[in-house]
1. Determine the sum of side-chain charges near Pro92: Lys and Arg each +1, Asp and Glu each -1, restricted to other residues whose C-beta is under 13 angstrom from that of Pro92.
2. Could you work out how far helix 56-78 tilts from the main Cα principal axis of the chain, as a 0 to 90 degree angle to the nearest 10?
3. Can you pull out the GluC sites (Glu not before Pro) in the range 140-227 whose DSSP state is coil and whose Cβ has at most 12 other Cβ atoms within 10 Å?
4. Specify the angular offset, from 0 to 90 degrees and rounded to the nearest 10, of the alpha carbon long axis of helix 144-155 from the longest principal axis of the alpha carbons in the chain.
5. Can you tell which of Arg155, Arg53, Arg104 shows the greatest fluctuation in a Gaussian network model of the chain with Cα springs below 10 Å?
6. What is the order of Val29, Val164, fewest Cβ neighbours within 10 Å to most?
7. List the extent of the Cα atoms of the chain along each of their three principal axes, largest first, rounded to whole Å.
8. Could you pull out every residue, at least 5 positions away or on a different chain, whose amide H is within less than 5 Å of the one on Ile121? Hs are placed 1.01 Å off N in the peptide plane, and Pro or chain starts have none.
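No value in this document is a laboratory result; all are computed from the given coordinates. Since the model is a prediction, treat every value here as computed from it, not as a measurement. Quick reminder, even Gly has a Cβ in these numbers, built from the backbone with ideal geometry, and neighbours come from all protein chains shown.
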Amino acid sequence: MKGWFDAFRDDGGPTLYSFSNRTPVTGDVSIVAVSVLFATFYVAFLVIFPGVRKQKFTTFSTVTLSLFVGLVILITRLGSAWHVAHTTIIAPYKAFSREKMPSRIGTHIGLMHVNVTLTAIPVGNWTAPDVDYNERFGWEGANDMSANYRDALRRGLPFPILTVAEYFSQGREGFCWGGQYRAAGYFASIMLWASLASWLLMNLLLIAVPRYGAYMKALTGALLIGTNIGYYCMLPKRPL
């Protein structure tokens, strides 16, 4: 069938897809996976729930609250919403260029990374170009942010994103935001893993000894509150 098997082929070669059709990141795969996992557990519970004969309200509220707490712990550990800021800027899109582009830049800080977004916005009759970036820079190690910044320079990311990444990669004098956010992330991450361990033990004790399960539930809540208070106290005092 000529015209069917030779479509998009040049001189009998393999099919050529000249347009990559790249799209911006719209969601976090790890958060979606965790949400689907807990939703599966909850749907399975709802399926067998009609078979519960005694203490239906207690069983429903306990399981619902338990799954919700576990989901919150993992999402906050993996998410990028511990500190979020957006602003509208007019800045060069690339280095060594006088052309300036109105855009909206955002910073989404997680415990072990920061996401920097850049989206072009139309102004008046000016049509915004197809600019929609969402770049993640990790800082699990002390030198990771600097290495990621150098990699971003080699990749040629837009100038506004490089500027934000440069601020986080510095660690001297007044430019210490990256180190302080990393220290706060370490503390919050340890507290969240402790909360997850307490939550798992709580589920076991609620089945075996409900009284001690209630104690572990209170401990889990105290650890989560301590996570928020500690993270807030360790944030940089000087705003970025």
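1. Values: positive: Lys94, Arg98, Lys100; negative: Glu99.
Around Pro92, the charge tally is +2.
2. Computed tilt is about 40 degrees.
3. For GluC sites (Glu not before Pro) across the range 140-227 that sit outside H, G, I, E and B with at most 12 neighbouring Cβ atoms in 10 Å, the list reads Glu173.
4. 30 degrees
5. Among Arg155, Arg53, Arg104, the largest GNM mean-square fluctuation belongs to Arg53.
6. With the fewest neighbours first, Val29, Val164 line up as Val29, Val164.
7. Sorted from largest, the Cα extents of the chain read 70, 68, 37 Å.
8. Here Ser103, Arg104 satisfy the definition.
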